[in-house]
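Notes for the one structure printed next.
The values are calculated or read from the model by the stated rules, or taken from the named source; none is laboratory data. Quick caveat, the model's predicted, so the values are computed rather than measured. Here the Cβ positions follow ideal geometry from the backbone for every residue, glycine too, while neighbour counts run over all protein chains shown. Accessible surface areas use protein heavy atoms only, side chains included; no ligands, DNA or RNA. Shrake-Rupley method; radii C 1.70, N 1.55, O 1.52, S 1.80 Å.
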Amino acid sequence: MDIEHILREKKIEFLYASQAKLKEEFNIDVPVGTGFGKSKSFYFIPVGNKKYVFKPALKYLVTEAPDIDRSVDFTFDELLEKYRKVMNKKTILPTLLEESESFLVFEYYREENGWFKMDDLKENDGKVIVELTKNLWGNDRRVLFPFYNQLYSKVYKNVETGEIKIVDLKYVEIQKRRPIFVYICDYNINCLYYLEKNRNPFFNVKNILAREYPIADAQEKYLYT
C-alpha cells in the first residue's frame, strides 16, 4: 500500500471520528465532509472563527505518519505542553483558545476578517515575525519551530493590525533555538528570507531545506539590519 493511499485512509477515518467528538464535546454539528479539503491529510475542522484541531489526527501526522522526518526527537505530549504554555498568548502561531479531551481549539483566520495569504515579506514583516516568535519561545531552549518547511499559502497577515500568523500546525516541530527564517516556495516563487543574523557557523539552513526543496535556486533576502 503506497503512502498516498495510507494517508487518505487515515484522513477519512479521522474525519468521521472528529465529527462525532465535536458533537459529543461541544454539541456542534457540521455537514459530512467538513474539513476534508484538497490536502492529502486532515487534522482540523473549521467552525466560524475557530479551528478545532483533532488531537488523534495531529498526533498521527507529527509522530506516526509514513512521510514524517524520523530524526525528529519529541513526543506528542511534549508538543501539547508547549502549546498549553502559550494558551491565549499572541504568538506567530494561531492563538490557542481552549482545550478539550479530543481537541485543541485555535483561532481560525478568514479573509472576511482581514486575513490574507502572504507571498512576499518586507523588513517590517520580518520584525513582526521575530517578535511574535520570541513571544512563542519565552525562555525555553527547546522550542516550537514552524520554519523548516516551505510556507507558501501558510503565512497570513491581517491588513488592519499588521499581525502575522503561520497557520499550518502539522509541520510544527520541537527544536533547539535557531535563527529565524521564512522560506516561501511555489511555482513562481522561491525565496528564502533571513530574519535574524546567524551566529552559529555550523548552522546552515539551506543544507536542511535542500533535502526536500529547490533551495539552490532560491532568491535570498536579508530582512535584518
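Here are the numbers for this structure:
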| item | result |
| --- | --- |
| Lone unmet requirement of (1) out of contact with any Leu (no Cβ under 9 Å at 6 or more places or on another chain); (2) over 20 Å from Ser100 (Cα atoms); (3) β-branched (Val, Ile, Thr) for Thr63 | (1) |
| Candidate set from the range 175-186 (those that are open to solvent by 10 Å² or more (accessible area, probe 1.4 Å) and part of a strand (DSSP E or B)); member that is modelled with the highest pLDDT | Cys185 |
| Lys170 touching a Leu at 6+ places or on another chain (Cβ under 9 Å), open to solvent by less than 70 Å² (accessible area, probe 1.4 Å) and at pLDDT 95 or above | no |
| Residue ranges of helices (runs of 4 or more DSSP H) in the range 1-93 with at least 2 members more than 13 Å from Lys170 (Cβ to Cβ) and at pLDDT 90 or above | 3-26, 76-85 |
| Among the candidates Arg199, Arg211, residue that is in a loop (DSSP other than H, G, I, E, B), in contact (Cβ under 8 Å) with a residue 12 or more places away in the chain and open to solvent by 60 Å² or more (accessible area, probe 1.4 Å) | Arg199 |
| Cross-chain or 6+ apart pairs with Cβ under 9 Å, the range 1-13 first and farther than 14 Å from Gly37 by Cα and hydrophobic (A, V, I, L, M, F, W, C), then open to solvent by 60 Å² or more (accessible area, probe 1.4 Å) and in a helix (DSSP H, G or I) | Met1/Glu9 |
| Cross-chain or 6+ apart pairs with Cβ under 9 Å, the range 132-150 first and hydroxyl-bearing (Ser, Thr, Tyr), then open to solvent by 20 Å² or more (accessible area, probe 1.4 Å) | Tyr148/Asp69; Tyr148/Tyr171; Tyr148/Glu173; Tyr148/Gln175; Tyr148/Arg178; Tyr148/Ile208 |
| Tyr194 vs. criteria at pLDDT 95 or above, within 15 Å of the chain's Cα centre (by Cα) and of a type in the set (Ser, Thr, Tyr) | no |
| Residue that is closer than 28 Å to Ile208 by Cα, open to solvent by 60 Å² or more (accessible area, probe 1.4 Å) and of a type outside the set (Asp, Glu), where the choices are Thr133, Thr91, Thr63, Thr75 | Thr75 |
| Residue, nearest to Ile180 (Cα to Cα), within the range 136-157, restricted to residues that are assigned to a strand (DSSP E or B) and open to solvent by less than 30 Å² (accessible area, probe 1.4 Å) | Phe145 |
| So Glu160, is it within 19 Å of Trp115 (Cβ to Cβ), free of Cβ contacts under 8 Å to residues at least 12 places away in the same chain and either open to solvent by 70 Å² or more (accessible area, probe 1.4 Å) or assigned to a loop (DSSP other than H, G, I, E, B) (or both) | no |
